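No lab work stands behind these numbers, since they all come straight from the coordinates. Not measured: the values here are computed from a predicted model. Note that we place each Cβ from the backbone using ideal geometry, even for glycine, and neighbour counts take in every protein chain shown.
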Amino acid sequence: MKSESVTRTASSGRTTSPPNPVTVASPLEAVAIGVAESHRRAVVGILHRLLADEYVLYTETRGCHWNVTGPTFHDLHKFFEAQYEELNTIVDDVAERIRALGGWSTATLAEFAKASRITERLLPAPRSEQMLRNLLADHEQVIRQLRQDAEACVEHEDMGTNDFLIGLMEQHEKMAWMLRASTAEPPR
């Protein structure tokens, strides 16, 4: 088994490591939805990675909610709360989509940390402006990945999951827009 390197970048305080593919080893439940088992297995693997990404982003957003300080504390505290509540719903929807395809949803922090393409940021918590930029970067990363994953679902003949992922992409685009608007300099 290949060893993984973990590094900390000075500018962002993030840990980075190579992505780990998710192998769906457990048998899928039989579901007669018109998508071959091999295609469902591949799509469930895609969804496991997405579930991990969404959970890490949810946790990061929750951490921003808990740790924000400064003159905009109240507004950002409520803003982060609204975002993590939306992400909580997304996490649940992704897990349920895995089950609808006959797969079993991962449900441990260890599994999420191993499978996520979003890396956790180390404490201490950044200033509120950096929190916004960090979350924006993560949403943009998820959006780019959702575009690729939606296309892969077409190749696996799963139009239902393709549509589901496009809907999630639109939700993340809106959350990213709100974060981007919160970091923008006012016009002069």
>> For a Förster distance of 25 Å, can you work out the FRET efficiency between the beta-carbons of Glu96 and Arg180, rounded to the nearest 0.05?
In response: 0.25
> Residue by residue, what Karplus-based ³J(HN,Hα) values in Hz, rounded to whole numbers, does segment 98-105 have, using 6.51, -1.76 and 1.60 with θ = phi - 60° and x for Gly and Pro?
Replying inline: 4, 5, 4, 8, x, x, 10, 6
>> If you take Kirkwood radius over Cα pairs in Å from the coordinates, which of (i) 18.6; (ii) 17.5; (iii) 16.9 do you get?
In response: (ii)
